[in-house]
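All remarks here apply to the structure that follows.
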Amino acid sequence: MDEAIRVPSFWNLFSEGMYLKDIPSAKLSLSPLSPLFGRVRADEGLPEISHGSGGPSGYMVAVQLNPIPFIEQFLGPQKVSNGFYPIGGVSLLNLQERPAIALRNSFDTLVLHVTQAALDEVAYAHRMPRAKPLARTFGHFDPVVHNLGQVLVSSLAQPHHVSKIFLDHILHALNCHFVSSYGGVTISAPKFEGGLSFLQMRRATELLEAHLDGNIALKQVAAACELSVSHFSRAFKQTFRRPPYKWLTELRVDRARDLMTNSRLPLADIAIQCGFADQSALNRSFKRIQGVTPGVWRRGMTRGPQRFK
């Protein structure tokens, strides 16, 4: 859990540098499942120019959730950008360059802490020893970061409706994008990539089955297979034709079907036993996979199971 030790210092420095305690309307929302992203918003601007202390190594990525009419960005004492930032405007900043801003307007921003280790892991998986320094960007629209960022924002609003392994999948996809689009590494599917061995398949599925709620780190499952996250993700998808979080969701739905067929448990209890946060979460996943809600499926089974074959 070394990230859990590192990242709080990032958020502490971030809060201090943005003077969030001095802004009555400021609110910082952090994910209970990952310390690598959060949402900061306020109905008023900063009382003065934020101060960049350097902080931990790595990068800060800021994605604007509302437009900012005018903002000034600095690296150390040097002003590097000013003007309008649109919704989806992305700023990618090296923390060692002491980024700072002058902002007099209200703001609503998704902030990610991207570690160098995570970027290096992606680069190594594509046969490069280390990720190159990422290119700076200041408020430019990036549709990939914007769209994946919306998933992270939704997870902050409803943390019980997502799992850690799913968030790890989204964060890994973002890291691949950063390395490819801002780090000059060509990300391409290999011509031939072996799937998981039988032993790796058993280790991965046993771990996932033991964590039906999905609250296990993707890195932990990959480590059990003695693979990097990138290699494991590709090998798992080649073996099972779906990423780990989707495989796990389908397993939960299969378990729910078995319980509905062979027991009279209420759907709310079945949802909990199958790793869903609540019955509504079961309903959404079940309908997406089966085409009908659990209640309709169960009633159909009592009339004749052939209806839903």
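Taking Cα pairs under 8 Å and at least six residues apart, what relative contact order does the chain come out at, in percent? All intermediate terms of the calculation are to be shown ahead of the outcome.
On the way: 523 pairs, mean separation 40.9, N = 309.
The normalised contact order for the chain reaches 13 percent.
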In order through the stretch 274-279: 3J(HN,Hα) via Karplus (6.51 cos²θ - 1.76 cosθ + 1.60), integer Hz, x for Gly, Pro | 9, x, 7, 5, 6, 5
R0 of 41 Å, Cβ-Cβ distance ASN215-ASN105: FRET efficiency to nearest 0.05 | 0.65
Treat every Asp and Glu Cβ in the stretch 193-240 as -1 and every Lys and Arg Cβ as +1, leave all other atoms uncharged, and give the resulting dipole magnitude about the Cα centre to the nearest 20 debye.
-> 120 debye
Cross-link list LYS164/LYS237; LYS164/LYS287; LYS27/LYS79; LYS27/LYS287; LYS21/LYS164; LYS164/LYS246: which exceed 24 angstrom alpha carbon to alpha carbon?
-> LYS27/LYS79; LYS27/LYS287; LYS21/LYS164
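Under unit Cβ charges (Lys, Arg +1; Asp, Glu -1), what dipole magnitude, rounded to 20 debye, does the chain have relative to its Cα centre?
Here the size comes out at about 1440 debye.
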Charge sum, other residues only, whose C-beta stays under 14 Å from ASN94's C-beta, Lys/Arg counted +1 and Asp/Glu -1 = +2
Under a 5 Å amide H to amide H cut-off, with H placed in plane at 1.01 Å, what residues pair with PHE141 once short-range neighbours are removed?
-> VAL90
HN-Hα J in Hz across the stretch 280-287 - Karplus 6.51, -1.76, 1.60, θ = phi - 60°, x for Gly and Pro | 5, 5, 4, 4, 5, 5, 5, 5
Within the set of other residues whose C-beta is less than 14 Å from the C-beta of PRO244, count the net charge using Lys and Arg as +1 and Asp and Glu as -1.
-> +4
Which of these, PHE198, PHE74, PHE178, has the largest mean-square fluctuation under a Gaussian network model of the chain (Cα springs below 10 Å)?
-> PHE198
Mind giving me the nanometre distance, one decimal, between the label points for ASN82 and PHE141, set 7 Å out from Cα along Cα→Cβ?
-> 2.5 nm
Answer rounded, prolate or oblate for the stretch 33-89, using the Cα gyration tensor with square roots of eigenvalues a ≥ b ≥ c: rounded when a/c is under 1.5, else prolate when a/b is larger than b/c, else oblate.
-> oblate
In terms of modelled amide H atoms, which long-range or inter-chain residues lie less than 5 Å from the amide H of SER31?
-> PHE37
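What net charge do the residues around LEU46 carry, taking every other residue with its C-beta under 11 Å from that of LEU46, with Lys and Arg at +1 and Asp and Glu at -1?
Values: positive: ARG104; negative: ASP22, GLU44, GLU48, GLU72.
Taking every other residue near LEU46 into account, the sum is -3.
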Can you sort SER57, SER155 so the residue with the fewest Cβ neighbours within 10 Å comes first?
-> SER57, SER155
Around SER81, which amide H atoms from residues at least 5 apart in sequence, or from another chain, sit under 5 Å from its own amide H, with H modelled in the peptide plane?
-> GLN73
Highest first, please rank the peptides 80-93, 23-36 by the mean number of other Cβ atoms sitting within 10 Å of their residues.
-> 80-93, 23-36
In the stretch 115-147, the trypsin sites (Lys or Arg not before Pro) that sit in a DSSP loop and have at most 16 other Cβ atoms within 10 Å of their own Cβ are ARG127, ARG130
Work out from phi, with θ = phi - 60° and the Karplus expression 6.51 cos²θ - 1.76 cosθ + 1.60, the ³J(HN,Hα) of each residue of the stretch 130-136, listed in order in whole Hz, and give x for Gly and Pro.
-> 7, 5, 6, x, 6, 6, 5
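I need the shape label for the stretch 140-219. Rule: rounded when a/c is under 1.5, else prolate if a/b > b/c, else oblate, with a, b, c from the alpha carbon gyration tensor. Could you put the intermediate results ahead of the total?
On the way: a/c = 3.66, a/b = 1.16, b/c = 3.15.
Taking the square roots of the gyration eigenvalues as a ≥ b ≥ c, the stretch 140-219 is oblate.
Values quoted throughout were computed directly from the atomic coordinates according to the rules given, and no laboratory measurement underlies them. These numbers were taken from a predicted model, which means no experiment stands behind them. Quick reminder, even Gly has a Cβ in these numbers, built from the backbone with ideal geometry, and neighbours come from all protein chains shown.
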